[in-house]
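Rule-based calculations on the coordinates, nothing more; no lab input. The structure presented is a predicted model; accordingly, all values stated were derived computationally and were not measured. Methodologically, a virtual Cβ is constructed for each residue, glycine included, from the backbone with ideal geometry; neighbour enumeration extends over all protein chains shown.
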There are 2 protein chains.
Amino acid sequence: MALKYYHAEPAANSLKSMIPLMEKNLEFESVYVDLHKFEQHSEWFVKLNPEGQVPVLDHDGAVITHTTVINEYLEDVFPEIPLRPYDPVGKARMRYWNKFVDEQVMNYVSMHGWHRMVGVLARGIESGEFDKLVERIPLPDQRKKWRTARSGFSEADLANATDKITYACRKIDDHLADNPWLAGEMYTTADINFYSHCGMMVDRMFPELEVASNFPRLVDWCERVHARPAVQKALAMPNHTNPALRTFTGEAR
Amino acid sequence: MALKYYHAEPAANSLKSMIPLMEKNLEFESVYVDLHKFEQHSEWFVKLNPEGQVPVLDHDGAVITHTTVINEYLEDVFPEIPLRPYDPVGKARMRYWNKFVDEQVMNYVSMHGWHRMVGVLARGIESGEFDKLVERIPLPDQRKKWRTARSGFSEADLANATDKITYACRKIDDHLADNPWLAGEMYTTADINFYSHCGMMVDRMFPELEVASNFPRLVDWCERVHARPAVQKALAMPNHTNPALRTFTGEAR
């Protein structure tokens with residue numbers, strides 16, 4: 001039984017499947033993929049994952065991509081320390097929230113992150129060189145996103161993204177009034193999902209939301225996730241982000 | 001054990017969880033929700049599903065929403081006639097494709113459908129009355145979508161949606177070269193998902209794609225799904241759509 005996890009810095013997607021590996025005490029080989037060097041679009045990596053995106057789980061040669069799919073896979077194969085309820089209704093609650101984060105949260109936080117971090121990175125590259133780098137990107141949507149990050153996302157798109165994030169924080173803060181965790185009584189992959197993509201960094205990225213006073217239950221929940229030894233262990237994985245850019249994602253929290 | 005399924009016409013979302021119910025030979029009470037009368041935003045329905053969207057599964061009082069979540073739930077509770085592989089890698093393949101359809105296909109076909117059908121419906125309503133109807137819609141995104149459908153989606157957004165659908169047809173046609181079904185050897189909820197949201201209607205909705213000549217494996221796959229008795233049974237459920245509008249979704253295929 002050999003597990004290999006290809007990942008970047010411990011935030012967002014890369015963190016989201018790292019935490020379950022740590023929670024389950026699984027031994028795995030960590031392979032760092034350097035996004036600063038566009039290693040996710042390099043030949044060797046695209047051979048592994050034709051979509052050219054991190055993270056990737058390789059389990060005895062079975063290659064699994066997309067973090068929500070990876071996290072369900074880990075539950076299916078290693079159920080001993082569960083992060084998914086055993087009862088079908090609990091599973092459905094977990095999946096409802098994972099779907100919500102995947103479709104209504106992730107891309108909107110990501111847009112602000114790209115605007116602030118990837119935009120800086122992309123504008124630092126001479127334009128002929130940049131075009132060559134973009135040509136290597138397998139997914140058409142990712143090519144668009146890189147081009148937009150370089151020229152800058154529109155104010156309207158950024159404002160819409162902030163609205164979506166505010167809506168999510170309100171919805172989750174309300175939900176936590178009656179539930180200790182997103183899926184109910186149990187800490188699950190849904191909590192790990194929202195924490196990795198939004199919770200861990202929302203107060204630092206969006207000071208204008210005044211998270212501490214407007215969403216106190218979210219802050220309390222976030223501290224409970226943050227205090228878990230497995231989460232601490234995942235956050236302590238190598239981080240090569242330029243320290244000046246780190247505060248945007250709250251990694252230095 | 002009592003199952004109730006609240007649904008609209010047998011296409012898209014409403015069809016997507018109807019087919020598994022039929023495949024599994026489950027007895028259920030069918031409750032038709034009339035979208036032409038905006039019943040999904042009515043008081044009684046929003047009490048059932050605060051998001052005001054069909055379909056909804058009620059299983060002995062447990063209310064499950066979102067078709068991908070419902071279909072996983074049906075596998076968890078009624079595994080006797082399976083539409084989900086038993087092995088974890090097979091499950092991951094199924095979930096990869098469900099995620100692809102949910103995030104990269106559904107909304108883009110839906111935009112064209114709304115542009116052609118809901119737009120006609122919305123423009124038929126006097127504007128004061130329309131504002132009142134929109135105010136009742138619980139989800140902010142759905143309120144926006146109704147307003148946009150009334151004024152018309154932009155040419156750029158529609159063209160982008162067509163690009164996404166073309167990309168999906170190409171990707172799936174290529175994949176079917178080596179796989180009889182999306183998840184591999186087994187017919188699963190992923191096939192049902194793509195069929196309901198795109199496959200069943202793509203040739204009629206987008207004649208410019210020349211589906212028959214460009215994507216022959218997709219056509220063959222589509223015919224195999226279409227021929228299944230459970231799919232025929234689901235498609236035969238009541239359809240109150242104005243017949244003049246039906247051809248857009250290919251329901252009259």
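The figures follow:
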item	result
Normalised contact order of chain A, rounded percent, pairs of Cα under 8 Å and 6 or more residues apart	26
Sum of -39500 (n - 2.57) over DSSP H runs of 4+, divided by residues of chain A (222 nm, nearest 500)	-15500 deg cm²/dmol
Mean projected area (nm²) of the alpha-carbon convex hull when region A:1-138 is viewed from all directions	9.0
Shortest-first distances to equivalent copies, position B:Val120, nm, label 7 Å out along Cβ	5.2
Inter-copy label distances at A:Lys37 (7 Å, Cα→Cβ; nm, one decimal)	6.6
Square roots of 5 times each gyration tensor eigenvalue, C-alpha, region A:88-228, largest first, Å	32, 17, 12
Axis-proximal residue, chain B, for the rotation superposing B on A (Cβ, Å)	B:Glu103, 3
All-pairs Cα distance distribution in chain B, expressed in whole percent, bin size 5 Å	1, 6, 13, 17, 19, 17, 13, 8, 3, 1, 0
Cα-based equivalent ellipsoid of region A:79-135: semi-axis lengths in Å, sorted from largest, via gyration tensor	40, 13, 9
Part-to-part distance (alpha-carbon centres) for region B:1-67 and region A:112-179, which is given in Å	35
Entries in A:Lys99/B:Lys16; A:Lys47/B:Lys91; A:Lys99/A:Lys171; A:Lys47/B:Lys16 that, when Cα-Cα distance is taken, lie over 26 Å	A:Lys47/B:Lys16
Average Cα contact separation per residue, region B:88-228, under 8 Å, 6 or more apart, as relative contact order %	33
Within chain A, percent of DSSP bridges classed antiparallel, to nearest 5	70
Percent antiparallel among DSSP beta bridges (both partners in the protein assembly as shown, rounded to 5)	70
For A:Val31, distant residues with modelled amide H under 5 Å away	A:Tyr5, A:Tyr6, A:His7
Gyration tensor (alpha-carbon) shape descriptor, the protein assembly as shown, a/c threshold 1.5	rounded
Label distances, nm, A:Pro180 versus same residue in remaining copies, Cβ-directed 7 Å point	4.8
